[in-house]
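Some notes on the structure that comes next.
Bear in mind these aren't lab numbers, they're just calculated from the coordinates by the rules spelled out. Since the model is a prediction, treat every value here as computed from it, not as a measurement. Cβ sites come from the backbone with ideal geometry, for glycine too, and all protein chains shown count toward neighbours.
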Amino acid sequence: MNDYSLVGAFLVGIMGAGHCIGMCGGLVGALSANIPQRNGSNTLVNQLGYLFSYNSGRIISYTAAGALVGLSTNALGLLFNVDLYLLVLRIFAGIMMIITGLYIAQIWSGVVQIERLGKGLWKLVSPLANRFIPIKSKPHAFIAGGLWGWLPCGLVYSMLTWAVAAGNALDGALIMAAFGLGTLPALLSAGVAASTFSRWVQKGAVKKVSGMLLIAFGLQTIYVAIGQLN
């Protein structure tokens with residue numbers, strides 16, 4: 001794994017804010033509206049405590065998923081030519097990076113179609129997640145965030161292809177953690193109704209620049225991988 005992978009994953013999280021707010025903003029908003037109040041406590045501090053608990057659970061789910069797919073890649077690599085196997089995966093990850101960049105730049109939304117892959121899993125997880133609504137405590141918020149982290153999301157699945165290409169559990173986990181941290185500002189702003197950040201990332205010029213950067217990362221990843229094939 002190179003530094004571009006972590007930077008790119010973090011950038012996807014930040015610049016995918018519009019998609020994140022669309023997918024999870026309603027959940028975070030509902031959580032914020034129903035946070036238990038503590039007598040004598042600062043309302044904003046109390047609200048942020050619940051939001052951080054929720055988002056910590058969500059990011060840990062992403063990280064665990066990254067570790068699992070990275071570990072599976074490492075195991076499958078024992079069955080194939082490891083060097084060639086990883087190079088092919090990196091080319092695929094570069095392609096997914098380009099597709100994600102096209103989505104963020106609002107050029108092509110094909111990545112959203114990937115969300116259909118997770119609907120079966122979500123049918124199993126959602127009944128359990130709904131048991132923690134409304135949130136009654138910060139541990140409840142943490143568990144709910146961990147479960148809602150499995151909500152079908154094209155950006156998450158795109159990032160998981162990068163974790164697969166990382167080739168091991170640690171790097172896969174780091175990529176997904178970087179992505180999760182990138183989503184944090186958008187979902188915190190949605191939770192505390194602070195719209196300045198959300199408005200900024202929704203600007204067309206910002207989306208275009210961010211998307212082009214990701215496309216550049218993807219092309220660089222493919223170029224390096226193809227170079228290693230020669």
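Excluding same-chain neighbours fewer than eight residues apart, no lysines are reachable from residue 203 by a Cα-Cα span under 27 Å.
Taking other residues whose beta carbon is less than 14 angstrom from the beta carbon of residue 106, and scoring Lys, Arg as +1 and Asp, Glu as -1, yields +3. Loop-located trypsin sites (Lys or Arg not before Pro) in region 114-160 (DSSP state other than H, G, I, E, B) with a sparse environment of at most 15 neighbouring Cβ atoms within 10 Å: 131, 136.
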